[in-house]
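Presented below is the structure to which this report refers.
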């Protein structure tokens with residue numbers, strides 16, 4: 001099939017209407033590179049980082065949601081449908097509705113799928129009154145009164161193994177809850193167990209020291225190098241382990257975050273690297289151009305970006321992608337590169353945050369030049385995370401303005 005360029009404006013299809021998809025769509029429209037179409041089945045848009053504050057009782061659920069129609073960037077067309085598969089050879093997206101959409105350039109921003117079913121018993125545990133999570137909007141709203149009203153018992157918090165969408169965010173409701181229980185005088189009556197898949201809280205020494213200090217301060221029992229293996233909601237027990245070693249824990253409340261992977265249609269469409277068990281889009285991690293299909297791009301959680309995934313990483317990724325796609329449309333090679341910058345704001349109390357900014361090599365990358373200690377626990381970082389960033393997200397980021 002002949003794909004030679006015509007004089008008509010390029011049709012650019014963006015799969016996914018979350019943070020990554022709308023950030024890219026807004027920037028592409030502002031760059032005037034062609035017709036922009038976003039495929040997104042959901043009618044409600046959720047600002048995921050606020051779910052941790054909701055679960056920890058530090059934000060209202062209503063603050064995290066908007067109508068999808070209200071957040072689509074001006075000048076961008078929204079197609080409410082879901083992707084079934086992509087045919088890269090014919091440049092065609094096949095939709096669940098049975099329709100199809102042809103493209104000149106394709107941007108995959110499909111995010112990650114929460115694979116609850118990979119842990120036996122976990123889906124059932126989440127439907128019980130004692131099952132909560134900050135990785136699902138409804139479960140986060142459910143978590144707030146459960147943690148707020150608890151006065152005694154055992155609470156187990158689990159963190160998923162990498163790759164995950166800001167996986168360390170699983171820790172945030174734990175710190176918020178502990179601070180609350182301490183404030184109302186019941187912390188000593190509640191056993192808190194944190195199941196961490198890694199041998200350290202995060203993996204960057206400076207950040208680990210800050211987090212370990214808070215873990216010790218709250219008296220949290222940590223099971224390092226352990227993963228959640230199964231849950232029995234009827235008996236309220238769970239099994240954690242590593243290798244041949246395992247341990248059974250009883251719980252009164254389980255705050256769990258599931259394993260995660262890219263949507264299966266990505267690998268099914270041949271867009272993932274051979275042998276990638278998680279199915280991420282096989283792009284150059286610096287330019288975001290697909291390694292085999294130069295008209296396909298990807299950023300955000302679905303992309304093989306060779307760094308820890310986070311919402312805060314998307315801004316720099318989107319900037320690089322748009323510059324590179326514009327160059328490609330003009331017949332030039334992509335030159336903008338992404339250094340793997342990512343960020344995780346750890347809400348370690350109801351008024352302070354440990355702001356972890358780093359590159360793909362694990363080196364600290366503070367956005368304020370020369371402020372190397374920006375990662376330390378600070379009230380100022382809490383104000384930025386809780387008050388400033390949500391406004392910036394709704395009014396600037398989703399419009400491609402920041």
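The values are calculated or read from the model by the stated rules, or taken from the named source; none is laboratory data. Worth saying up front: this structure is predicted, and the values here are computed from it rather than measured. So basically every Cβ, Gly included, is an ideal-geometry build from the backbone, and we count neighbours across all protein chains shown.
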Residues of region 96-112 that turn out to be more than 17 Å from residue 81 (Cα to Cα), within 23 Å of the chain's Cα centre (by Cα) and assigned to a strand (DSSP E or B), as a count: 0
Which residues, taken from region 136-159, are closer than 19 Å to residue 48 by Cα and in contact with a strand residue (DSSP E or B) (Cβ under 6 Å, 6 or more places away or on another chain)? 137, 139, 142, 143, 157, 158
Output the residues belonging to region 299-338 that are in contact (Cβ under 8 Å) with a residue 40 or more places away in the chain, assigned to a helix (DSSP H, G or I) and buried (at least 23 other Cβ atoms within 10 Å of the Cβ). 300, 301, 302, 311, 314, 317, 318, 321, 322, 325
By residue number, the members of region 60-93 that are assigned to a helix (DSSP H, G or I) and buried (at least 16 other Cβ atoms within 10 Å of the Cβ) are 61, 64, 68, 71
Among the strands (runs of 3 or more DSSP E) confined wholly to region 1-59, which include 2 or more residues that are within 25 Å of residue 140 (Cα to Cα), in contact with a helix residue (DSSP H, G or I) (Cβ under 7 Å, 6 or more places away or on another chain) and modelled with pLDDT of 95 or more? 44-46
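Any residue that is on the phi > 0 side of the Ramachandran plot and either outside the structural domain of residue 218 (by TED's automatic domain parsing) or buried (at least 16 other Cβ atoms within 10 Å of the Cβ) (or both) - is there at least one of those in region 364-372? Let's see the steps before the verdict.
From region 364-372, those on the phi > 0 side of the Ramachandran plot are 370; that's our starting set.
Of the ones still in play, those that are also either outside the structural domain of residue 218 (by TED's automatic domain parsing) or buried (at least 16 other Cβ atoms within 10 Å of the Cβ) (or both) are none.
The answer is no; no qualifying residue exists.
Of the residues that sit in region 360-393 and are in contact (Cβ under 8 Å) with a residue 40 or more places away in the chain and assigned to a loop (DSSP other than H, G, I, E, B), which one is nearest to residue 214 (Cα to Cα)? Steps first, please.
In the first step, residues of region 360-393 are kept if they are in contact (Cβ under 8 Å) with a residue 40 or more places away in the chain; the result is 360, 362, 364, 375-377, 385-386, 389-390, 393.
Subset that is assigned to a loop (DSSP other than H, G, I, E, B): 360, 362, 375-377.
Working: 360: 25, 362: 21, 375: 14, 376: 12, 377: 10 Å.
Result: 377.
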Out of 74, 97, report the one residue that is in the same structural domain as residue 322 (by TED's automatic domain parsing), farther than 30 Å from residue 173 by Cβ and out of contact with any strand residue (DSSP E or B) (no Cβ under 7 Å at 6 or more places or on another chain). 97
